[in-house]
Amino acid sequence: MFNLPALPYAYDALEPNLDEETMRIHHDKHHQAYLDKFNAALEKHPELFDMTVEEILKNLKTIPEDIQTAVRNNGGGFYHHSLFWEMMSPDGGTPSDDLTAALASTFGGLEEFKEKFTQEAALHFASGWTWLVQDSENKLSIISTDNQDSPVTKGLLPLLGLDTWEHAYYLKYQNRRPEYIKAWWDVVNWNYVNKKLNS
Ligand code: MN3
């Protein structure tokens with residue numbers, strides 16, 4: 001069985017950018033529901049409990065067909081939310097020299113990266129995620145994925161991800177996704193991104 005990771009900070013730690021009630025519902029209800037459905041699917045093929053969730057999503061094509069869609073949706077949802085909590089912090093530091101250099105050579109600079117990512121996340125017309133990813137040749141890019149489809153299934157390493165499902169922001173921001181994105185930048189855990197880069 002997979003277990004729900006606790007938030008690495010208090011429910012109200014990201015206030016006022018991400019409000020306590022949203023964090024509680026998002027973690028205790030949504031994340032829990034993905035986990036429960038993921039575990040229920042794996043019960044049908046319990047040998048899969050020996051794999052990590054990353055391995056399962058990387059090898060999604062080899063997962064038994066009768067649970068492949070459930071694993072794609074709920075394994076993805078479980079995994080992405082586990083990352084999302086780690087990718088935010090009330091005290092997330094700043095981009096390292098290596099990350100700053102990589103963002104400069106790929107996007108022209110930190111501000112240009114943030115602008116491009118923001119635009120991608122604001123315009124992505126689906127429930128899903130926007131990601132900063134790194135490929136096997138260490139090249140950075142910004143992508144969006146629909147639903148809970150995972151960058152790791154495409155062979156990409158997620159360095160930073162933003163949940164753009166309405167449940168992530170609707171209580172506080174209603175339909176104002178751009179305001180949510182703007183507030184989210186202030187709680188990004190750059191220390192996490194610094195550590196993941198080239199890993
Ligand atoms: Mn979510």
Hey, can you tell me all the residues within region 150-199 that are outside any helix (DSSP H, G or I), surrounded by fewer than 19 Cβ atoms within 10 Å (Cβ to Cβ) and of a type in the set (D, E)?
-> D186
Which one of these is farther than 13 Å from L4 by Cβ and in contact with a His (Cβ under 7 Å, 6 or more places away or on another chain): I56, I67?
-> I67
Within the bounds of region 46-53, is there any residue that is charged (D, E, K, R), in contact (Cβ under 8 Å) with a residue 24 or more places away in the chain and part of a helix (DSSP H, G or I)?
-> no
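Any residue in region 158-179 that is in contact with a strand residue (DSSP E or B) (Cβ under 9 Å, 6 or more places away or on another chain), away from the ligand (no atom under 16 Å from the Cβ) and modelled with pLDDT of 95 or more?
Yes; the residues of region 158-179 include at least one that is in contact with a strand residue (DSSP E or B) (Cβ under 9 Å, 6 or more places away or on another chain), away from the ligand (no atom under 16 Å from the Cβ) and modelled with pLDDT of 95 or more.
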Out of curiosity, is L35 away from the ligand (no atom under 14 Å from the Cβ), at pLDDT 95 or above, hydrophobic (A, V, I, L, M, F, W, C) and within 21 Å of I56 (Cβ to Cβ)?
-> no
Taking region 92-118 and keeping only residues that are closer than 27 Å to A13 by Cα and of a type in the set (A, V, I, L, M, F, W, C), one is left with L99, L110, F113, F117
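Quickly run through region 121-139 and pick out the residues that are buried (at least 18 other Cβ atoms within 10 Å of the Cβ) and either of a type in the set (D, E) or free of Cβ contacts under 8 Å to residues at least 40 places away in the same chain (or both).
G128, T130, W131, V133
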Can you tell me which residue among K58, K44 is at pLDDT 95 or above, away from the ligand (no atom under 16 Å from the Cβ) and more than 17 Å from the chain's Cα centre (by Cα)?
-> K44
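Any idea which residue in region 61-80 is nearest to the ligand (Cβ to nearest atom), counting only those that are more than 17 Å from D28 (Cα to Cα) and buried (at least 17 other Cβ atoms within 10 Å of the Cβ)?
Going through the qualifying residues, I end up with N73.
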When both residues are 6+ apart or on different chains and their Cβ atoms are under 7 Å apart, which pairs have a first residue that lies in region 76-94 and is assigned to a helix (DSSP H, G or I), and a second that is of a type in the set (D, E) and within 12 Å of the ligand (Cβ to nearest atom)?
-> F84/D163
Residue selected from region 108-157 under the condition aromatic (F, W, Y) and modelled with pLDDT of 95 or more, by the criterion farthest from M87 (Cα to Cα) | F113
Condition test on L18, is it modelled with pLDDT of 95 or more, away from the ligand (no atom under 12 Å from the Cβ) and at negative phi?
-> no
Within region 96-115, track down each residue that is touching a helix residue (DSSP H, G or I) at 6+ places or on another chain (Cβ under 7 Å) and surrounded by 14 or more Cβ atoms within 10 Å (Cβ to Cβ).
-> S96, L99, T100, L103, F107, L110, F113, K114
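The values are calculated or read from the model by the stated rules, or taken from the named source; none is laboratory data. Just so you know, these numbers come straight off a predicted model, no measurement behind them. When we count neighbours, we look across all protein chains shown, and the Cβ atoms used for this are built from the backbone with ideal geometry, even at glycine.
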